[in-house]
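A short worksheet on the structure shown next.
The values are calculated or read from the model by the stated rules, or taken from the named source; none is laboratory data. All of these numbers come straight from a predicted model, not from anything done at the bench. Please note: Cβ atoms are built from the backbone with ideal geometry, for glycine as well, and neighbour counts cover all protein chains shown. Heads up: the accessible areas ignore ligands, DNA and RNA and are worked out on the full protein's heavy atoms, side chains in. Shrake-Rupley method; radii C 1.70, N 1.55, O 1.52, S 1.80 Å.
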Amino acid sequence: MKPLALFVKHDGQSSRASVTCEYKCANACFHEVPNTSDGEYFGDIISSLNRRGLIKGGAAAVLAVGAGSVLAACGDDAATGTVIPTNTPVGPAGTGTAFTAVAPNKQDAITIPDGYEQSVVIRWGDPLFADAPAFDFEKQTPAAQAKQFGYNNDFAALLPIEGHANSSLLVVNHEYTTGPHMFRGYNKDVPTDEQIAITMAAHGLTVVQVEGESGTGKLTTAFGKYNRRITATTEFTLIGPAAGSEFVKTSADQTGTKVLGTFANCSGGVTPWGTVLSGEENFHGYFANGDKVTETAEKRVKRYGFTAGKTLNQWERADKRFDMAQEPNEANRFGYVVEVDPWDPTSTPIKHSAMGRLKHEGATIYVTKNGDVVSYTGDDEKFDYMYKFVSSRKIQSGTGQASMRHNLTILDAGTLYVAQLAGNHADKIDGNGAVPSDKGFTGTGKWLPLLETGDDGKGKSLVDGMSAAEVAVFTRLAADKVGATKMDRPEDFEANPYTGKVYVALTNNDNRGKDGKQGADEANPRNLNKNGQILEIDDDHAGTEFTWSLLLVCGDPAAADTYFAGFDKTKVSPISCPDNLAFDPYGNLWISTDGNALKSNDGLFSVVLEGPNRGATKQFLTVPRGAETCGPIVTESRVIVCVQHPGEADDATPENPLSHWPDGGDKQPRPSVAVVWKKDGGRIGV
Ligand code: FEO
Ligand code: CA
Ligand code: CA
Ligand code: CA
């Protein structure tokens, strides 16, 4: 590898605009931290399972999302030819990272390595149905938006359609909206009723069919029969120990099971049975009057960060369920992992309360060789926790409805755990990021049980003084009681399809060690942490013990407080604020970033995990001004990224946009999904 031009200055300020903090996470960046409380590889089993039955949409689905063992294990069934032999990486370690690194920059473009091409797959407002109008920034309506691609795409999954070599379903989350950038003359104090309805329709998820162009990696959308929009008003079913409890009943739903909508959907995952998981993250920002609740509710409300007064989007004006003074329980119906079956556009999506209620970044699945299903999820807030759910139900093979029905219940029974970590060199951690030993930052950990959900869907609390429903709905408070470890904003998890090791993006935490707040520990080794780190967990997946190490301590490689698994720091790309993770077909980790504190645009990076180049980190692309990079998918022939909030800046308006991406000229910026491929049609990074 060649040394890279390092122009970055380590001044420690995230580039995230205030407006991003306001609208995306309801000022989670600035509000008081709400936590004030003190291998074995599935490939071995796959031969005994009917592969076609495992993944409804085609076996390549797993590969396409880089989602872990199950997908990879099914590779020999893949129509795309992306075959991964059982438990053996394709090619030597580092295969797939042979591209010339992109230099950090501030361009209003996606910049990619020489020899690669790119195109936009779909952008905010593009029609999803034949009867949907074309996007017109000046003439938006709620009805149009409900049939068009939503705003601020985050997670993406690509699920091949079986029997159609070039067709796939693209499933995308729409995390949040920003009125000041969506509408001309937007009055944030009094948005119009129509603007409120448009923003509600611009949230949720999209399912859209995409077609590959032969000979290139280009993808274009089609009005396929699976196309669907899920919005803030789509009906969901809440199941598990929270369902029907006193905490989730509302005046509109006395059953406590029928919930309208999903929003703040950040990252997600793909299941081996062909469904898509999505994490409801910063839902607290959608509920007004968080101070007007009962004394009993106050502690719970504070722990989730609800605040007083009206909300930014003011949905409470359109529907009283968003006003906690009028409907105190509605907010308890958000903050779950949701599961959508994209293969049935009429299906009612599920909210799984057995997996806990927190600010789920996403949820990713790993399956052990015994068929045990484990889902990992991070609670993205400063000083919050890492969780896993171990199902008591094993995957069933077979193509029939019975198997599918069974597999759709896997996330409804099992045990929810939260992580507690200890460092091996605790006495050497001083908060400056100095590497404590030859082997770097290492330690051990335990998964502490919180909630066991039985086959009947009823829960058993494993936390003293809390009922099962309380643990399911107020999971953060349960985790506080058992002594979980406070992390630096746990975001995406991803399991390595070859080794089973689990990787976690810890994005940053500028409150670590500040003003009497908890100081550095070995897994979170820097005070005032602006650049984040990547944790590597060697987990006994269905068990309760693990060991861990830090793969990367991110930032400017020239700075003393960064670490790249011992790799030569003069030969790596600067990387800051890791957010979403994905695996390529060769077992390399890919990381997208959010909030680069190094004065460059956000980007996507590859990291070699095994062999002598372990830690080699290289930037594959940068996204346009004001954007963050989300939802990466790395297949053999394509890199897909969601470009979220291009042009987002405090002083940007439709009259004075920061970005004109993707349409150029004087056009408004539009959140979009983009695809990159190799010019010669060859394999990415090979
Ligand atoms: Fe939506 Fe955790 O970022
Ligand atoms: Ca995220
Ligand atoms: Ca991921
Ligand atoms: Ca993010």
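Among the residues in segment 637-644, are any part of a loop (DSSP other than H, G, I, E, B), closer than 20 Å to LYS106 by Cβ and among the β-branched types (Val, Ile, Thr)?
At the first step, the residues of segment 637-644 found to be part of a loop (DSSP other than H, G, I, E, B) are 637-638.
Imposing the further condition that a residue be closer than 20 Å to LYS106 by Cβ reduces the set to none.
For segment 637-644, residues part of a loop (DSSP other than H, G, I, E, B), closer than 20 Å to LYS106 by Cβ and among the β-branched types (Val, Ile, Thr): absent.
For segment 408-422, the criterion of being open to solvent by 20 Å² or more (accessible area, probe 1.4 Å), of a type in the set (A, V, I, L, M) and at pLDDT 95 or above is met by at least one residue. Just one of (1) open to solvent by less than 30 Å² (accessible area, probe 1.4 Å); (2) at pLDDT 95 or above; (3) in contact with a Lys or Arg (Cβ under 8 Å, 6 or more places away or on another chain); (4) more than 20 Å from ASN265 (Cα to Cα) fails for TYR376. It is (4).
For segment 163-218, which residues satisfy the criterion of being open to solvent by less than 70 Å² (accessible area, probe 1.4 Å), aliphatic (A, V, I, L, M) and touching a strand residue (DSSP E or B) at 6+ places or on another chain (Cβ under 9 Å)? Matches in segment 163-218: LEU169, LEU170, VAL171, VAL172, ALA201, ALA202, LEU205, VAL207, VAL208, VAL210. Considering only segment 423-460, state which residues are open to solvent by 20 Å² or more (accessible area, probe 1.4 Å), part of a strand (DSSP E or B), under 30 Å from ALA559 (Cβ atoms) and out of contact with any Gly (no Cβ under 8 Å at 6 or more places or on another chain). Answer for segment 423-460, where residues must be open to solvent by 20 Å² or more (accessible area, probe 1.4 Å), part of a strand (DSSP E or B), under 30 Å from ALA559 (Cβ atoms) and out of contact with any Gly (no Cβ under 8 Å at 6 or more places or on another chain): ASN432, THR444.
For VAL686, the conditions (1) open to solvent by 10 Å² or more (accessible area, probe 1.4 Å); (2) touching a Leu at 6+ places or on another chain (Cβ under 6 Å); (3) of a type in the set (Val, Ile, Thr) all hold with the exception of (2).
Of the residues GLU138, GLU175, which single one is more than 19 Å from GLY217 (Cα to Cα), at pLDDT 95 or above and touching a His at 6+ places or on another chain (Cβ under 9 Å)? Can you show your working first?
Values: GLU138 fails: touching a His at 6+ places or on another chain (Cβ under 9 Å).
None of the others qualify; the one that does is GLU175.
Among the residues making up segment 470-484, those that are open to solvent by 20 Å² or more (accessible area, probe 1.4 Å) and over 14 Å from GLU381 (Cβ atoms) are GLU470, LYS481, VAL482, GLY483.
Here is a yes/no grid of residues against (1) buried (at least 24 other Cβ atoms within 10 Å of the Cβ); (2) more than 14 Å from ASN332 (Cβ to Cβ); (3) within 16 Å of ligand 4 (Cβ to nearest atom):
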residue: LYS249; (1), (2), (3): no, no, no
residue: GLY256; (1), (2), (3): no, no, no
residue: PHE263; (1), (2), (3): yes, yes, yes
residue: GLY268; (1), (2), (3): yes, yes, yes
residue: LEU277; (1), (2), (3): yes, yes, no
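Is it fair to say ARG670 is closer than 30 Å to SER168 by Cβ, out of contact with any strand residue (DSSP E or B) (no Cβ under 7 Å at 6 or more places or on another chain) and in a loop (DSSP other than H, G, I, E, B)? No, not satisfied. Note on segment 254-359: no enclosed strands (runs of 3 or more DSSP E) hold 3 or more residues that are more than 28 Å from GLN644 (Cβ to Cβ). If I filter segment 393-406 for residues that are among the basic types (Lys, Arg), part of a loop (DSSP other than H, G, I, E, B) and open to solvent by 10 Å² or more (accessible area, probe 1.4 Å), do I get at least one hit? Within segment 393-406 (the criterion being among the basic types (Lys, Arg), part of a loop (DSSP other than H, G, I, E, B) and open to solvent by 10 Å² or more (accessible area, probe 1.4 Å)), the answer is yes, since at least one residue qualifies.
What are the residues in segment 225-253 that are part of a loop (DSSP other than H, G, I, E, B) and in contact with a Phe, Trp or Tyr (Cβ under 9 Å, 6 or more places away or on another chain), if any? Reasoning before the result, please.
In the first step, residues of segment 225-253 are kept if they are part of a loop (DSSP other than H, G, I, E, B); the result is 225-227, 231-234, 240-253.
Of everything in segment 225-253, those that are part of a loop (DSSP other than H, G, I, E, B) and in contact with a Phe, Trp or Tyr (Cβ under 9 Å, 6 or more places away or on another chain) turn out to be TYR226, ASN227, THR231, ALA232, GLY240, ALA242, PHE247.
Looking only at segment 23-32, decide whether some residue is more than 16 Å from ligand 1 (Cβ to nearest atom) and at pLDDT 50 or above. Yes. Please tell me if ALA523 is open to solvent by less than 10 Å² (accessible area, probe 1.4 Å), in contact with a Gly (Cβ under 8 Å, 6 or more places away or on another chain) and part of a loop (DSSP other than H, G, I, E, B). Against the criterion (open to solvent by less than 10 Å² (accessible area, probe 1.4 Å), in contact with a Gly (Cβ under 8 Å, 6 or more places away or on another chain) and part of a loop (DSSP other than H, G, I, E, B)), ALA523 qualifies. Does any residue of segment 492-502 turn out to be within 16 Å of ligand 1 (Cβ to nearest atom), buried (at least 24 other Cβ atoms within 10 Å of the Cβ), modelled with pLDDT of 95 or more and of a type in the set (Asp, Glu)? Taking every residue of segment 492-502 in turn, at least one turns out to be within 16 Å of ligand 1 (Cβ to nearest atom), buried (at least 24 other Cβ atoms within 10 Å of the Cβ), modelled with pLDDT of 95 or more and of a type in the set (Asp, Glu).
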